[in-house]
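Shown next, in structure tokens, is the structure this report addresses.
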Ligand SMILES: Cc1cc2nc3c(=O)[nH]c(=O)nc-3n(C[C@H](O)[C@H](O)[C@H](O)COP(=O)(O)OP(=O)(O)OC[C@H]3O[C@@H](n4cnc5c(N)ncnc54)[C@H](O)[C@@H]3O)c2cc1C
Ligand SMILES: Nc1ncnc2c1ncn2[C@@H]1O[C@H](COP(=O)(O)O)[C@@H](O)[C@H]1O
């Protein structure tokens, strides 16, 4: 069984975001980088699958500057993945190009059974790379996955609106974009961390993966902080008074009901 | 005339997000081609015409009642190609968010997902989207993209008044072949008949201050009076008091209703990330220093168990229910 897990490194959720003076992006100094939280579910699902099969290789792939994304890869290796692959770049890529790089790298590695990703990266909030990757790999995708049962066919469940679940059967390889609730990611153990130091991490360039950074489809510009909210209006009094006043304000001042 | 393709969804009526985009299309001065897929796609055509579509592409088949990523991608690709549109708009529903990145890639184009502002004229398009969980926003510029795909969050744009005299021409598309690789086995409908959180116009959310799953009835009562959908914080979802599908925040749903009422929620940064785009925010919390108050429009310090029932009562009176 050959499994790939796509990992993105993102700013920690507590990070204060500051914008560059020319508004071309965010200030990266001082940011604490972590594994995208949804990608932890992807790593865990891959590990569970390998354990259930009793055999297989899990390769963790990440597109980004080697100097920092290696750390996220090491974390996945410490959880139990077998080896890593960095597509080393400091260029800003859009989701199309990121998926192109991942597809290029995965194709170069040979055949695969499953590719696990997160359902979305919490920095760009795109929820696009898995579907585009699947298109380039010419296999089906399922996103927002809350249940995964490998086999022939593989049965995958996804969550949509109002708690509705869609169940798909898949023949052959596919891309599975994992949601919270799919599993509980394990912590890296101390022996795991020691072992991870010796696990191999391969490198590739964007050119190796078949991507030209200049052929970007969408670019981000004019970064802005959200407008300041006006000062909160506190409503005092006993519960009955507060309730009455709030209803009045919502209907007469805010006019939202 | 430049064209815009608007993807519409709905059972018998077009969902609000779709109406917002038809209106934006009409107001831009572009020719609007609407596209609908499903078991009752044709039922949406007349309404689309009244909201500004000059033609509606439909693909109606019993086999398309449930979403299938491969088949839907095939039809949408065919429709968009045929339309000749250079802009494609869809409301960022669960279905559209799954589908459009793949369709855009197939058409060698880029996509701006989860946008919150859209300014469109006959010749220009300007969209912005939140990044880093709403801590900032940026404009998305299309560079080397033959078609510009935009997914818009619902509740961001006005809905125009329908012109009852207008109608659209209807063009039928054949149902795509079944995919050998992926089949839709079944769809298990969720219990909730209410609007989904991501589309809801009013949301009442409960946090750890609710003290237990049994007290969510208080919020259900309030919600049913004001037509709200009930949400929750992660603390509550993780405790198993409510399903994860109700969680609002960075690792839950991103919502932008007109009114968000946070009950017994402290206002952690990851919760704010999912709801700070709401127009009006009300916080009910016993701790006057709870961070949620800093992001709120109206704040009520007090015991939720006293305030919420009173609030339900007052709304009943005010709304004559
Ligand atoms: C990576 C990551 C992702 C996360 N994603 C999310 C997310 O998507 N969504 C999310 O919500 N959280 C998320 N969190 C968790 C977040 O940090 C908080 O722990 C969580 O939001 C707290 O939930 P809460 O406000 O319900 O609970 P608490 O912080 O415990 O707040 C309870 C509040 O209730 C008030 N209260 C208690 N009793 C009463 C009463 N009788 N009347 C009135 N008020 C009362 C208290 O004063 C308090 O302010 C995430 C955390 C991390 C690290
Ligand atoms: N630079 C990247 N390197 C590796 N995987 C990525 C990268 N960007 C996105 N992904 C994967 O795609 C998922 C969704 O990301 P996005 O489409 O950017 O929201 C993430 O959870 C990752 O699994």
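Taken together, the values in this text are just the output of simple stated rules run on the coordinates, not laboratory data. Note that the structure is a prediction, hence the values are computed from the model and not measured. Counting neighbours? That spans all protein chains shown, and the Cβs are built from the backbone with ideal geometry, glycine included.
Note on residue A:229 and residue B:163: the model spin-label points, each 7 Å out from Cα along the C-beta direction, lie 4.0 nm apart. How many angstrom separate the Cα center of the range B:293-321 from the Cα center of the range A:67-104? For the range B:293-321 versus the range A:67-104, the Cα centre distance is 48 Å.
Viscosity 0.890 mPa s, temperature 25 °C: Stokes-Einstein D of the range A:191-247 from its Kirkwood Cα radius, in µm² per second? Answer from the Stokes-Einstein relation: 129 µm²/s. Each part reduced to its alpha carbon centroid, the range B:228-242 and the range A:183-216 end up 34 Å apart. For the range A:151-168, backbone nitrogen atoms closer than 19 Å to the point 7 Å from residue B:220 Cα along Cα-to-C-beta are found at A:162-164.
In whole angstrom, how long is each semi-axis of the equivalent ellipsoid of the range B:99-205, when you take the square root of 5 times every eigenvalue of its Cα gyration tensor and sort them from largest down? Walk me through the numbers on the way to the answer.
Values: eigenvalues 132, 110, 88 Å².
Equivalent ellipsoid semi-axes, largest first: 26, 23, 21 Å.
Summarising the overall dimensions of the range A:22-65 from its C-alpha atoms, the Rg and Dmax are 16.1, 53 angstrom. Between the range B:45-86 and the range A:118-173, the alpha-carbon centres lie 22 Å apart. Think of it as helices only: each DSSP H run of n ≥ 4 in chain B is worth -39500 (n - 2.57), and spread over all residues that comes to -8000 deg cm²/dmol at 222 nm. The convex hull drawn around the Cα atoms of chain A, when projected onto a plane and averaged over every direction, covers 18.7 nm².
Sum -39500 (n - 2.57) across every DSSP H segment of at least 4 residues in chain A, then divide by the residue count to get the 222 nm mean residue ellipticity, nearest 500.
Details: 7 runs with 76 residues, N = 257.
It lands at -9000 deg cm²/dmol.
Principal axis analysis of the Cα atoms in the range B:251-303 yields extents of 27, 21, 16 Å, listed in decreasing size.
Under the Kirkwood approximation for Rh and a Cα-based Rg, what ratio Rg/Rh is obtained for chain B? Rg/Rh for chain B comes to 1.00. Cα extents for the range B:176-298 along the principal axes, largest to smallest and rounded to whole angstrom: 59, 29, 27. Return the tail of the calculated pair distribution for the range B:20-155, meaning the percent of Cα-Cα pairs more than 23 Å apart. When all Cα pairs of the range B:20-155 are counted, 31 percent exceed 23 Å.
Take each peptide in B:235-245, B:115-125, count the other Cβ atoms within 10 Å of every residue, and average; sorted highest first, the result is B:235-245, B:115-125. Helix B:304-318 and the longest principal axis of the Cα set of chain B meet at an angle near 60°. Using a simple spin-label model with pseudo-atoms 7 Å out from Cα toward Cβ, residue B:39 and residue B:187 lie 0.8 nm apart.
Legend: Rg and Dmax of the protein assembly as shown, from Cα coordinates, 23.8, 73 Å. Its residue count N fixes a reference of 2.2 N^0.38 Å for the range A:1-74, and the Cα radius of gyration divided by that reference is 1.38. At a temperature of 4 °C and a viscosity of 1.567 mPa s, determine how fast the range A:113-239 diffuses translationally according to Stokes-Einstein, using the Kirkwood radius over alpha-carbon pairs as Rh; express D in µm²/s, rounded to the nearest whole number. After rounding, the answer is 68 µm²/s.
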